[in-house]
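The values are calculated or read from the model by the stated rules, or taken from the named source; none is laboratory data. No experiment lies behind these values; they were computed from the predicted model shown. Cβ: placed from backbone, ideal geometry, glycine included. Neighbour counts: every protein chain shown. Side chains are part of the model used for accessible areas, which takes the heavy atoms of the whole protein and leaves out ligands, DNA and RNA. Shrake-Rupley method; radii C 1.70, N 1.55, O 1.52, S 1.80 Å.
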Amino acid sequence: MTEIPTLDPPRRVLMGPGPSGADTSVLAAMGLPLVGHLDPEFIRIMDECQEMMRQVYRTGNEVTLATPGTGTSGMEAAVMNLLQPGERAIIGICGYFGERISQMASRTGAEVTIVTAPWGSPVPPEAIERELRAGPTKLVAIVHAETSTGVLQPVETISALCKEHGALLLLDCVTSLGGIPVEIDAWGVDAAYSGTQKCLSAPPGASPLTLSPAAWSAIQAREAPSNSWYLDLGLLEAYWDSRRAYHHTSPISMTYALHRALALVLEEGLEARWQRHENNGRALQNGLEAMGLVLHADVEHRLPVLTTVRIPEGIDDGTVRGALLNRFGIEVGGGIGELRGNVWRVGLMGESSTAGNVLLFLSSLGRLLREHGFEADVGAALDVAAQGLAS
Ligand SMILES: *Cc1c(COP(=O)(O)O)cnc(C)c1O
């Protein structure tokens with residue numbers, strides 16, 4: 001008889017661009033008893049998720065739900081529902097995920113204008129303003145935390161410009177929510193989506209999404225329904241609000257995980273959580289520089305949750321990442337798009353953002369770089385990082 005496969009995934013230190021590590025209570029939540037998706041107890045769980053999502057997004061938006069699917073499902077729901085053929089959209093692109101939004105926008109038949117910035121800088125508000133002045137615009141979309149480059153995109157100036165020109169603002173919060181400040185109402189963001197496996201630290205599989213009253217009105221005023229049936233936000237809202245109109249079967253266990261992960265975020269407190277990510281991210285970045293490495297993102301726009309560090313001359317990308325994984329159990333990401341082969345992407349998201357992980361990574365990377373001929377100053381790196389972590 002052939003052997004029946006066993007399931008035995010290794011325990012890794014997840015320091016890549018996602019998934020991040022999940023708390024055991026989040027993983028255990030997925031093992032709780034299944035109930036029916038219209039069971040009153042499950043409806044209560046969905047309602048609680050909805051209320052916790054509002055708190056984490058800092059919004060009073062009535063229309064707040066989680067699309068079934070990873071972060072890209074929220075992106076597709078937002079883009080497909082907010083744009084109609086012939087409408088104008090301005091998409092800010094300074095990395096891989098902005099590019100993905102623009103591809104989706106093109107598929108709606110909208111007239112897409114792209115505004116680009118080098119991979120390592122944010123999109124300048126003046127460039128968005130120039131395009132807003134060029135003609136009436138339905139939607140402006142930007143990526144808050146560009147996971148391909150490690151760049152933080154400032155939102156408020158662009159949001160004010162959108163208000164001034166009557167455009168809706170869509171914000172990709174996949175890597176920012178739960179890790180760095182996100183203020184949907186205070187910033188005047190009209191639509192936002194996120195993912196579970198980045199700074200919220202649950203397994204991948206749901207996308208928290210929120211719509212301002214203006215964005216919701218725009219969707220309700222569509223001439224024709226969205227081309228996507230599964231991600232039709234009108235149908236999804238009818239499932240999430242008091243109508244509970246069947247649309248799909250909620251991913252029950254995933255919803256349990258989301259519930260527990262959101263509760264952990266609120267138990268820690270948003271401000272404390274942002275501070276933790278900030279401290280650990282800065283300690284890592286200072287440590288990498290003390291080691292003798294060069295960070296890729298502009299110094300004034302570096303994300304604490306995702307750091308891009310340039311691969312030194314003569315060092316092989318795959319060899320070092322393979323050794324980090326096989327010898328130290330650490331996963332980091334390689335570069336994507338324009339940065340393929342040029343940088344490593346080191347995530348400190350959610351449960352993975354710990355002082356221990358910062359020190360473990362610096363010492364492991366330093367050791368491997370020295371083996372391959374790069375004179376990494378491991379002592380200085382650990383010293384600088386530990387000093388930052390202790391203060
Ligand atoms: C990860 C990510 C996505 C896509 O999310 P998936 O869960 O992989 O579908 C979108 N935008 C950004 C900024 C991301 O980091």
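Values computed for the structure shown
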| read-out | value |
| --- | --- |
| From Gly150, Gly178, Gly195, Gly205, residue being small (Gly, Ala, Ser) and more than 30 Å from Thr249 (Cα to Cα) | Gly150 |
| Region 182-215, subset assigned to a helix (DSSP H, G or I) and not aliphatic (A, V, I, L, M), residue least open to solvent (accessible area, probe 1.4 Å) | Trp187 |
| Qualifying residue in region 129-147 (condition: open to solvent by 40 Å² or more (accessible area, probe 1.4 Å), out of contact with any Lys or Arg (no Cβ under 6 Å at 6 or more places or on another chain) and within 13 Å of the ligand (Cβ to nearest atom)) | no |
| Residue in region 261-271 that is within 18 Å of the chain's Cα centre (by Cα), buried (at least 17 other Cβ atoms within 10 Å of the Cβ) and within 16 Å of the ligand (Cβ to nearest atom) present | yes |
| Matching entry among Tyr230, Tyr256, Tyr246 (being within 16 Å of the ligand (Cβ to nearest atom) and among the aromatic types (Phe, Trp, Tyr)) | Tyr230 |
| Members of region 1-25 that are among the hydrophobic types (A, V, I, L, M, F, W, C), under 20 Å from the mean Cα position of the chain (by Cα) and more than 16 Å from the ligand (Cβ to nearest atom) | Val13 |
| Only one of Val299, Val343 that is surrounded by 16 or more Cβ atoms within 10 Å (Cβ to Cβ) and not assigned by TED's automatic domain parsing to the domain that holds Pro154 | Val343 |
| Matching entry among Glu99, Glu111 (being assigned by TED's automatic domain parsing to the domain that holds Ala221, within 13 Å of the ligand (Cβ to nearest atom), open to solvent by 30 Å² or more (accessible area, probe 1.4 Å) and modelled with pLDDT of 95 or more) | Glu99 |
